Every structure is written in C-alpha cells, then in structure tokens.
1. Take the range 96-109 and flag every residue that is within 19 Å of GLU66 (Cβ to Cβ) and surrounded by fewer than 21 Cβ atoms within 10 Å (Cβ to Cβ).
2. Checking LEU144 against (1) in contact (Cβ under 8 Å) with a residue 60 or more places away in the chain; (2) touching a Gly at 6+ places or on another chain (Cβ under 7 Å), which test does it fail?
3. Return the residues of the range 87-100 that are in contact (Cβ under 8 Å) with a residue 60 or more places away in the chain and closer than 21 Å to ARG122 by Cβ; say none if nothing qualifies.
4. Are there helices (runs of 4 or more DSSP H) fully within the range 1-74 with at least 1 residues that are closer than 18 Å to VAL130 by Cβ and over 14 Å from the mean Cα position of the chain (by Cα)? List them.
5. If I ask for residues that are farther than 23 Å from ARG141 by Cβ, touching a strand residue (DSSP E or B) at 6+ places or on another chain (Cβ under 8 Å) and of a type outside the set (D, E, K, R), which ones from the range 66-84 would you list?
6. If you check LEU147, LEU135, which single one turns out to be at pLDDT 95 or above, in contact with an Asp or Glu (Cβ under 7 Å, 6 or more places away or on another chain) and more than 23 Å from CYS78 (Cα to Cα)?
7. Within the range 48-68, how many residues are touching a residue at least 24 places away in the same chain (Cβ under 8 Å) and over 22 Å from SER24 (Cα atoms)?
8. Would you mind telling me which numbered condition in (1) in a strand (DSSP E or B); (2) of a type outside the set (Ser, Thr, Tyr); (3) closer than 19 Å to ARG123 by Cβ LYS84 fails?
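The values are calculated or read from the model by the stated rules, or taken from the named source; none is laboratory data. Everything quoted here is computed from the prediction, not taken from an experiment. All Cβ positions, even for glycine, are placed from backbone atoms using ideal geometry, and neighbour counts span all protein chains on display.
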Amino acid sequence: MRLGLISDTHGLLRPEALAALQGSDRIVHAGDIGDAGILERLAAIAPLTVVRGNNDHGPWAEALAETEWLQLEGVSICVVHDLKTLKLDRPADVVIAGHSHKPLIERRDGRLHVNPGSAGPRRFSLPVSVGELLLEDGEARPRLIELDIAPRRPIMRPR
C-alpha cells in the first residue's frame, strides 16, 4: 500500500505535488491546509485523512480533528500537525506530522517519525516536498520527495 503524505500547503496545491501523489492508495494531509478546495482535489486522487493545523480556520477547518489514527497493513499511524501537541494515548508505529516545514525521517523511542515538509509556498531555503510511506506486512518504508519547482524569477523594476 502506498500512503501519500503532504503538509503545509497554506492554500497552494502545486501541480507537482498532485503529480507526486498520483498512484497513492490513500493520502494524509498533516495540516495547515489553507483552503477546503485543496481537500477536494486530494480526495479525487485517493481516500483522504486530514488533521487541522494551527493556521486552519473557519467552519470547514473546525470540522477537522487535531489528531487522527490509522491502522493500515498492520501498521498503527498517528497523524498530528504539530509534534508539540502530540498525546499518544495508544501505541503508534509511525507518527506523521507537519508544522516545521522541514522534511524529516527519524526514529525516536522506537517509533518512526515522518514530516513530509511543506508542499505550499517556499519558506526560507527549505525544499518544497511531499512524502510517501510504503506499507506492507507490518512494515513502513518512508521516502521524501523533493518537488522540482522552478525558482522564482526576480521582479525587474524600472529605473
């Protein structure tokens, strides 16, 4: 099973992110969505699990949970936007989070932590990225995918 991972779109769903998520069996958005229309476009690709980020406001966002749990292919997964709000009230093999905009794959306390980074507006010199988890027989294999985004052209001002 291929679980597509995206976070911190902040109202911008890039065509490169959509292309990278094609073929996912399910998609997780780890918050700071920015626009309900993004969820509709992602759900057109695959079933969607979403958590609310600290910048998600309005009636559409209030309907979203701050934490979601998945059990897929023998792997227990906790999804949260900001790791500082993580409250593990049950075992989790994998924690998926966003918020920092920094792509990350790391083992902590025997648990796999994955942050797909930010797929929305570029922040500082951080890459624009998404991720995936390949799930099979109780194992999770993560991968980060840096999106090939054309650099911003400088604005030429008349002299």
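1. Once the filter is applied, which keeps residues that are within 19 Å of GLU66 (Cβ to Cβ) and surrounded by fewer than 21 Cβ atoms within 10 Å (Cβ to Cβ), the range 96-109 yields only SER100.
2. (1)
3. ALA97, GLY98, HIS99
4. Helices (runs of 4 or more DSSP H) meeting the threshold: 15-21, 36-43.
5. THR67
6. Going through LEU147, LEU135 in turn, the sole match is LEU147.
7. 6
8. Failed condition: (1).
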